[in-house]
Amino acid sequence: MDDVLKRLYAITGDSKHLLLAHLFDKPCSLGLPAIKADDVSYFHANTHIPIVIGSQMHYEVTGDSLYKEIGTSFMDVVNSSHSNATGGTSVGEFWYDV
């Protein structure tokens, strides 16, 4: 919903859509990448990936560089320390220390 509402905001320019989209932001999920913490261990991958996609869409429609940094930091952590040889990034949908 976060991504869809932000796309709708980009199309309509109606700030209500952006405000509603913020209800789907999860500070507990976006906080660690925002401070560039290298810890997503034991997070549920299928929950956190859409949240980060929403933050990237926020950057794309508003230009707020914090949200770009969140997405970049998150991907750096997942790609550098939570990727498997098979190409996956999680085990049983959770990230573990590898």
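Among the candidates Ser55, Ser80, the residue that is at pLDDT 70 or above and either in contact with a strand residue (DSSP E or B) (Cβ under 7 Å, 6 or more places away or on another chain) or closer than 15 Å to Asp3 by Cβ (or both) is uniquely Ser55. Regarding Val61, is this residue at pLDDT 75 or above and not small (Gly, Ala, Ser)? Yes, satisfied.
The values are calculated or read from the model by the stated rules, or taken from the named source; none is laboratory data. Keep in mind that this is a model prediction, so the values were computed, not measured. Cβ atoms come from the backbone with ideal geometry, glycine included; neighbour counts cover every protein chain shown.
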